[in-house]
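Here the structure comes first, spelled out in structure tokens, and everything after it is commentary.
The values are calculated or read from the model by the stated rules, or taken from the named source; none is laboratory data. Quick caveat, the model's predicted, so the values are computed rather than measured. Positions of Cβ are generated from backbone atoms using ideal geometry, with glycine treated the same way; all protein chains shown enter the neighbour counts.
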Amino acid sequence: MKKYKQIILFLILMLVLGFCSMVFGQVCLADPGEPDTVLFGDACYYLYGQPLEGKLKVPIVFFHDQGLMCIRVPLVWSGPIIIDSVSFVGSRVEADTVVVRIDSLSQKLSIGMTMYYDTLPSGRGLLCNLYFTIFDTGYVEIDTAFYQSGSRLGFCGHVGAWTPQFVKFQMDLVPFVAGDVNNDGETDIVDAVYLVNYLFRDGPAPIRSNCGDVNCDSEITIADVVFLINYLLRGG
Ligand SMILES: [Ca+2]
Ligand SMILES: [Ca+2]
Ligand SMILES: [Ca+2]
């Protein structure tokens, strides 16, 4: 019975969220308590070679001090990147439904997550990771936007629906490989040795957390050593 009540409450909230979005152009409530926020974590990318090839990983992180029943994050990106995928590995959200819609042509994507049974307790952490292919150098920006349906950035919980704050992502992509694991300013064979020592001989960890993950797939493995050696053998 409790489950049905939760679902009915959730459907009412979705109606409120949809209604407020369409009619008033914004969600109903002022954000209760501290400002809830959607922003981006430390990005990881590599870009090298001739012709240039590269990948970019951008984590979406969020904070909220109310329990959440739904999360809606519509985004638009600009710059020399193409979306590859959206990954929820490591996300702090265990949603009952997750809907990701991608419109590569208009460079928009929308992430919708709903918790029918258990609200997500307040906290901060990873929502998901966005993975892009980089095809050129240049300025990249990820902002919030309307998606086609008119959906806006929004959270909802037992108290209603509201709009969290949003901090957009901005980055200048220049030729770069995140392989300077010993943080001496150069990416060279010493870094590959350092990484092997870390992985197989209990050596020290990469100085900056992001730079050991040379291929930006979210883990530090032998694949990063292979990637780094390939990069060095190709002349950097
Ligand atoms: Ca709040
Ligand atoms: Ca180095
Ligand atoms: Ca990696």
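Regarding Ala192, is this residue within 11 Å of ligand 2 (Cβ to nearest atom) and either surrounded by fewer than 21 Cβ atoms within 10 Å (Cβ to Cβ) or not basic (Lys, Arg) (or both)? Yes.
Residues that are at pLDDT 90 or above, within 16 Å of ligand 1 (Cβ to nearest atom) and either of a type in the set (A, V, I, L, M) or within 23 Å of Asp118 (Cβ to Cβ) (or both) within the stretch 32-60 comprise Gly33, Glu34, Asp36, Thr37, Val38, Leu39, listed in sequence order. For the criterion of being of a type outside the set (Ser, Thr, Tyr), more than 30 Å from Val214 (Cβ to Cβ) and buried (at least 17 other Cβ atoms within 10 Å of the Cβ), Ala178 fails.
Return yes when Ala95 is touching a Pro at 6+ places or on another chain (Cβ under 6 Å), under 30 Å from Gly33 (Cβ atoms) and in contact (Cβ under 8 Å) with a residue 12 or more places away in the chain and no when it is not.
When the stated conditions are applied, Ala95 does not pass them.
Any chance the stretch 131-148 includes a residue that's in contact with a helix residue (DSSP H, G or I) (Cβ under 7 Å, 6 or more places away or on another chain), assigned by TED's automatic domain parsing to the domain that holds Thr119, assigned to a strand (DSSP E or B) and not charged (D, E, K, R)? No, the stretch 131-148 contains no residue that is in contact with a helix residue (DSSP H, G or I) (Cβ under 7 Å, 6 or more places away or on another chain), assigned by TED's automatic domain parsing to the domain that holds Thr119, assigned to a strand (DSSP E or B) and not charged (D, E, K, R). In this structure, does Leu232 turn out to be over 29 Å from Trp77 (Cα atoms), modelled with pLDDT of 90 or more and within 12 Å of ligand 3 (Cβ to nearest atom)? In short, no. Out of curiosity, is Asn215 over 18 Å from the mean Cα position of the chain (by Cα), polar (S, T, N, Q) and not in a strand (DSSP E or B)? No.
Would you list the strands (runs of 3 or more DSSP E) that sit entirely within the stretch 67-122 and hold 1 or more residues that are surrounded by fewer than 18 Cβ atoms within 10 Å (Cβ to Cβ) and assigned by TED's automatic domain parsing to the domain that holds Val167?
Numbers: elements: 70-78, 81-87, 97-103, 108-114.
Of the strands (runs of 3 or more DSSP E) lying wholly inside the stretch 67-122, those with at least 1 residues that are surrounded by fewer than 18 Cβ atoms within 10 Å (Cβ to Cβ) and assigned by TED's automatic domain parsing to the domain that holds Val167 span 70-78, 81-87, 97-103.
Among the residues of the stretch 48-65, the ones that are within 15 Å of Asp172 (Cα to Cα) and surrounded by 20 or more Cβ atoms within 10 Å (Cβ to Cβ) come to 4 in all.
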